[in-house]
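Here the structure is laid out as structure tokens; the discussion comes afterwards.
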Amino acid sequence: MRMVDLIEKKRDGKVLSQKEIDWVVENYTNGTIPEYQMSAMAMAIYFKGMTAQEMADLTMAMVNSGDSLDLSAIEGIKVDKHSTGGVGDKTTLVLTPLLAASGVKVAKMSGRGLGHTGGTVDKLESIAGFHTELEPDEFIRQVREIGIAVIGQSGNLTPADKKLYGLRDVTATVDSIPLIASSIMSKKIAAGSDLICLDVKVGSGAFMKTVEDGRLLAENLVAIGNAVNRKTIAFLTNMQEPLGLAVGNSLEVEEAVNTLKGEGPKDLTELCLTMGGHMLVAAGAAPNFETARAKLEQSLADGSAFEKLCEFIGAQGGDVAMIRDTSLLPHAPHIIPVKSERDGYIQEITALPIGHAAMLLGAGRSTKEDQLDYAVGIVLDKKVGTHVNAGDVLCYVHSQSTDIPNVIAEIHEAFVIEPQEAVVEPLIYEAIG
Ligand code: URA
């Protein structure tokens, strides 16, 4: 086979066979195919797309480029959950103990944040001592014993995706649905769970800007999962504003703890109960959605979901005292109110500038090497749809310094305030799969 022929075939809109896709991925990963030819292939895929079969083949070729976790030693259905990236998205911290408290085993692989979206591993590491470097046998033992473990993305999982993602980042080929879908699914499949739940965020601060694009991505993710025998469900959810109120690592842990005590923000609680309810049904742990949701609500009310969080944090070396008393988590010395400059209704709290503001404070990374400040962040005081007058507090900035004009400017840019009543988008647009 010659790479130039395969590039030409895709450029002309023809379908690549499984053998051809395997050959491309294998030889790109081992360095035989140079970056310039793979760039041309990525661009051809960007313009000509891929069939469902090609996407499934590309996904499996990337899975087979490295190691996969074998979770067969854990009895029952193992579930995993993935979000395409949101601001204030601490769903994993709430949903995974909720599921585990209802008897569903969660074997989760999570990443660190880069840019304006936070990563679950960073949030968890704001708890002193918590670590995600578990050996595969420790990971499996913990899932068997307490029903939940979270591991960082390490080792030799999907090296082809790692290399191709780096190339896409510098060749303007990131936002191609076949490439995004195969990239996400390759990592989820290599991580070994039987049931994969995907939260596809839609909005100006998300990868997918419109419901139509989000739906297309979600449908393709589900189609890939089903084609390779992994039960996959996806939710299209709204990023018209950050999820919940807190943005920033220890602030988000505190909000997750409050949510597990039944005292969390409405949107975060609702998203976790809805996704969790569907996951319990798909995992066979409840006969229908109503029963599943009632079971999850019960585990909030009786404290068992919160106790499961404590058990999980303790098992991975975290200081459980910080969970039982969140005043022990890192806190910033200054809490600065940001006030509205005009009267009107909040139309949108744009996720991108809020995420940038949090990053400027030190809660996120602009390069992989940046050290995080776990204490800092933003806590919203108002959400979309609320009427405010000039001078009303919009949010509070938790900061190491009071001299933060760039942060304040980003926050004012994020709050879109206009005289007419706001159109409040639904939290969950639809469930797919
Ligand atoms: N997330 C991924 O893992 N891959 C992509 O291509 C885009 C988002």
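Just so you know, all these numbers are worked out from the coordinates, no wet-lab data involved. Computed from a predicted structure; not experimentally measured. Cβ placement follows ideal geometry from the backbone for every residue including glycine, while neighbour counts extend to all protein chains displayed.
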Seminar exercise, completed: Rounded to the nearest 10 degrees, the helix 18-29 long axis (Cα) sits at an angle to the longest Cα principal axis of the chain of 70 degrees
Problem set entry | Gyration tensor over alpha-carbon atoms, region 3-49, equivalent ellipsoid semi-axes in Å | 16, 12, 8
Seminar exercise, completed: With +1 at each Lys and Arg Cβ and -1 at each Asp and Glu Cβ, the charge dipole magnitude of the chain around its Cα centre, to the nearest 20 debye, comes out at 920 debye
Seminar exercise, completed: Note on region 341-423: alpha-carbon gyration tensor, axes a ≥ b ≥ c; rule is a/c under 1.5 for rounded, else prolate if a/b larger than b/c, else oblate; result prolate
Exercise. Dipole of the chain (Lys/Arg Cβ +1, Asp/Glu Cβ -1, origin at the Cα centre): which of Ser126, Ser299, Gly244 lies farthest to the positive side?
Worked result: Ser299
Exercise. Loop-only check: which trypsin sites (Lys or Arg not before Pro) in region 1-99 are DSSP coil with at most 12 other Cβ within 10 angstrom?
Worked result: Arg2, Lys14
Exercise. Rounded to the nearest whole Å³, what is the per residue volume of the convex hull around the Cα atoms of region 28-135?
Worked result: 185 Å³
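Any number yet on Rg/Rh for region 78-324, C-alpha, Kirkwood?
Rg/Rh: 0.94.
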Problem set entry | Acute angle (nearest 10 degrees) that the helix 405-414 long axis makes with the longest principal axis of the chain, alpha-carbon atoms | 70 degrees
For this session: Rank-order 38-45, 274-281 by packing density, defined as the average count of other C-beta atoms within 10 Å over each peptide's residues, highest first.
Result: 274-281, 38-45
Problem set entry | Label point distance in nm, Asn27-Arg11, each placed 7 Å from Cα along Cα→Cβ | 1.6 nm
For this session: Collect residues whose amide H, placed 1.01 Å from N in the peptide plane, falls under 5 Å from the amide H of Val106; neighbours closer than 5 in sequence don't count.
Result: Val79, Ile148, Ala149
For this session: For Arg365, enumerate residues with amide H under 5 Å from its amide H, sequence gap 5+ or separate chain, H modeled in the peptide plane.
Result: Gly115
Exercise. Which value results when the Cα radius of gyration for the chain is divided by 2.2 N^0.38 Å?
Worked result: 0.98
Exercise. For region 328-345, in order, what is each residue's ³J(HN,Hα) by Karplus, 6.51 cos²θ - 1.76 cosθ + 1.60 with θ = phi - 60°, in whole Hz (x at glycine and Pro)?
Worked result: 7, 5, x, 10, 7, x, 10, 10, 10, x, 10, 10, 5, 9, 8, 8, x, 9
For this session: Give, as ranges by residue number, the residues of region 307-327 whose backbone N falls under 20 Å from the point 7 Å along Cα→Cβ of Glu133.
Result: 313-319
For this session: Using only the Cα atoms of region 254-389, build the gyration tensor, take square roots of its eigenvalues as a ≥ b ≥ c, and label the shape rounded, prolate or oblate: rounded if a/c is under 1.5, else prolate if a/b is larger than b/c, else oblate.
Result: oblate
Problem set entry | Per-residue ³J(HN,Hα) for region 228-235, Karplus 6.51 cos²θ - 1.76 cosθ + 1.60, θ = phi - 60°, Hz, x for Gly and Pro | 10, 6, 10, 5, 9, 10, 9, 10
Problem set entry | Translational diffusion of region 176-316, µm² s⁻¹ [Kirkwood Rh, Cα pairs; Stokes-Einstein; 37 °C; 0.692 mPa s] | 198 µm²/s
Exercise. Between their Cα atoms, which of Lys78/Lys209; Lys209/Lys383; Lys187/Lys231 are more than 25 Å away from each other?
Worked result: Lys78/Lys209
